[in-house]
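A short write-up of the structure that comes next.
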Amino acid sequence: LFGGFVGAQLILPLVDIDMNTSFGPKDRQRGVGDLIVGPFILQWTDHKLFGLPYFHRFLFGITLPTGDYDRNRAVNTGSNIFSINPYYAFTIIPTDKLELSVRLHYRWNSENDEPFVGIGAGDIQPGQAFHFTYAASYEVVKGVRLGINGYVLQQLTEDKVDGHSQSNSKERVFGIGPGIQFTRNGTFLYLNSYFETGAEH
């Protein structure tokens, strides 16, 4: 379609949440998270950008509230909301050894009409957000690439409680760190570390 390959995906997270802080409620829950459905993927593998190899993909993603959820618990493996999260990803290869990759996301969330009872609200709605991941790597020896990678999130609209926007509720975070990739006989192993800064909530 449009010169690209068409596909779909399903992701079912297995979740282990341990909330044990010096303030607020303490809880732990394990189980299946919300099902992530990608009913439409379009990927191009043989394009050029400025004469350089350029691989890119569009995915329309939906998160369904299928995970375990109990409004009487402070922590749940499910979120009790629908989310729409399309993304556009690309990789460009300036040289045989250097690659640059970015994945751009936009996220919209529905209302949760059964929020945690401790909030004391009838419904809540997380704000919309733009976020992206990035990576750059260089092949130092055959089968081994070193680089940097990270993520950025900026919430664009305020959270809502009972239909009212909450001031100063926009989240923001920037993450960066080193990464290494090993490749052998078609098998890939990635090791990444991230350090967050500029976090706001």
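If we sort 186-194, 109-117 on the protection proxy, mean other Cβ atoms within 10 Å, highest first, what's the order?
Final packing ranking: 109-117, 186-194.
Over its Cα atoms, what ratio of radius of gyration to 2.2 N^0.38 Å does the chain give?
Rounded to two decimals, the normalised Rg is 1.20.
List the residues of the stretch 104-120 whose backbone N lies under 18 Å from a point placed 7 Å from the Cα of residue 62 along the Cα-to-Cβ direction.
106-112
Viscosity 0.890 mPa s, temperature 25 °C: Stokes-Einstein D of the stretch 104-167 from its Kirkwood Cα radius, in µm² per second?
After rounding, the answer is 168 µm²/s.
Could you tell me what a quarter of the Cα convex hull surface of the stretch 5-56 works out to, in nm² with one decimal place?
6.8 nm²
Once fully extended, how much extra length lies between residue 195 and residue 138, figured as 0.36 nm per residue of separation less the alpha-carbon to alpha-carbon distance?
Computed gain between residue 195 and residue 138 is 18.5 nm.
Evaluate the Debye formula for the stretch 92-201 with equal point scatterers sitting on the alpha carbons, no solvent, and hand back log10 of I(q)/I(0) at q = 0.14, 0.15 Å⁻¹, in q order, two decimals.
-0.71, -0.76
With a Förster radius of 35 Å, plug the Cβ-Cβ distance of residue 44 and residue 130 into 1/(1 + (r/R0)^6) and report the FRET value to the nearest 0.05.
Once the sixth-power term is evaluated, E becomes 0.95.
Let me test this: with uniform point scatterers at the alpha carbons of the stretch 1-99, what is the Debye-based log₁₀ I(q)/I(0) at q = 0.19, 0.20, 0.21 1/Å?
So the normalised log intensities work out to -0.90, -0.95, -1.00.
Ordering 176, 148 by how much accessible area each has at a 1.4 Å probe, largest first, what is the list?
The ordering from most to least exposed comes out as 148, 176.
Keeping every protein chain present and rolling a 1.4 Å probe, give me the accessible area per residue for the chain in Å².
That works out to 62 Å² per residue.
What number comes out for the charge environment of residue 97, summing +1 per Lys or Arg and -1 per Asp or Glu over other residues with Cβ under 9 Å away?
Net local charge, residue 97 excluded: -2.
The values are calculated or read from the model by the stated rules, or taken from the named source; none is laboratory data. Remember, predicted model here, so these are calculated numbers, not experimental data. As a convention, Cβ positions derive from the backbone with ideal geometry for all residues, glycine included, and neighbour counts pool all protein chains shown. What goes into the accessible areas is simple: the full protein's heavy atoms, side chains included, and nothing from ligands, DNA or RNA. Shrake-Rupley method; radii C 1.70, N 1.55, O 1.52, S 1.80 Å.
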